[in-house]
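None of the figures in this text is laboratory data; all of them are computed from the coordinates on show. Since the structure is predicted, the reported quantities are computational estimates derived from the model, not experimental observations. Cβ placement follows ideal geometry from the backbone for every residue including glycine, while neighbour counts extend to all protein chains displayed.
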Amino acid sequence: MNEMRDRKKRVLLADDQSSVRSALRLLIDHNPEFEILGEAVDFVTLFDWVKSCCPDVVLLDWELPDFGGKASLTLLRQHCPHLTIIALSGRPEAQQMALNAGADAFFSKGDPPEWLLQTVCAVSAGR
């Protein structure tokens, strides 16, 4: 069996709201394909996580404190080239900005939670 295919996808959660991180953790923890490595409340913490463990997927609050848009995505990918970044926002109008900046996908925090899981599965499989 292929080791890369058989191992769990490693996920980092990055959101400054603990209630959002808890909801994301609950959703992701119920899928055996994924393993949550940790949580970040700001970009500095997220960047430290990415440098130390190079995850497969980051669920990234688009309004994360200290976050710098395209430059930040570029910096994350310099340290982890195959990183899949899914931008999250409570503002659906942020979608185009996030995608233009290089996010692999966008999820509105107002969408049904099962859509996020479908997005994570689809995008992480295609990267």
Identify all residues within the range 17-26 that are in contact (Cβ under 8 Å) with a residue 40 or more places away in the chain and crowded, with 16+ Cβ neighbours inside 10 Å; write none if there are none. V20, A23, L24
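With T119, T84 as the choices, which residue is on the phi < 0 side of the Ramachandran plot, in contact with a Ser or Thr (Cβ under 8 Å, 6 or more places away or on another chain) and of a type in the set (S, T, Y)?
None of the others qualify; the one that does is T84.
Within the range 8-27, track down each residue that is assigned to a helix (DSSP H, G or I) and either over 11 Å from the mean Cα position of the chain (by Cα) or not aliphatic (A, V, I, L, M) (or both).
S18, S19, V20, R21, S22, A23, R25, L26, L27 - these are the residues of the range 8-27 that are assigned to a helix (DSSP H, G or I) and either over 11 Å from the mean Cα position of the chain (by Cα) or not aliphatic (A, V, I, L, M) (or both).
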So L60, is it assigned to a loop (DSSP other than H, G, I, E, B), within 22 Å of K109 (Cα to Cα) and touching a residue at least 24 places away in the same chain (Cβ under 8 Å): no
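Among the listed residues D66, D56, D104, which satisfies the condition of being over 13 Å from L13 (Cα atoms), touching a helix residue (DSSP H, G or I) at 6+ places or on another chain (Cβ under 8 Å), among the acidic types (D, E) and crowded, with 16+ Cβ neighbours inside 10 Å?
On inspection, the qualifying residue turns out to be D104.
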For D42: the one exception among (1) touching a helix residue (DSSP H, G or I) at 6+ places or on another chain (Cβ under 9 Å); (2) within 18 Å of D15 (Cβ to Cβ): (1)
Flag if D66 is without any contact (Cβ under 8 Å) to a residue 12 or more places away in the chain and within 18 Å of D16 (Cα to Cα): no
So, of the residues in the range 106-127 that are polar (S, T, N, Q), free of Cβ contacts under 8 Å to residues at least 60 places away in the same chain and part of a helix (DSSP H, G or I), which turns out to be farthest from E93 (Cα to Cα)? Q118
Filter pass, A94 being in a loop (DSSP other than H, G, I, E, B), aliphatic (A, V, I, L, M) and closer than 23 Å to S22 by Cα: no
Tell me which residues, restricted to the range 63-91, are in contact with a Leu (Cβ under 9 Å, 6 or more places away or on another chain) and either closer than 18 Å to V120 by Cα or not in a loop (DSSP other than H, G, I, E, B) (or both). S72, L73, L76, R77, L83, I85, I86, A87, L88
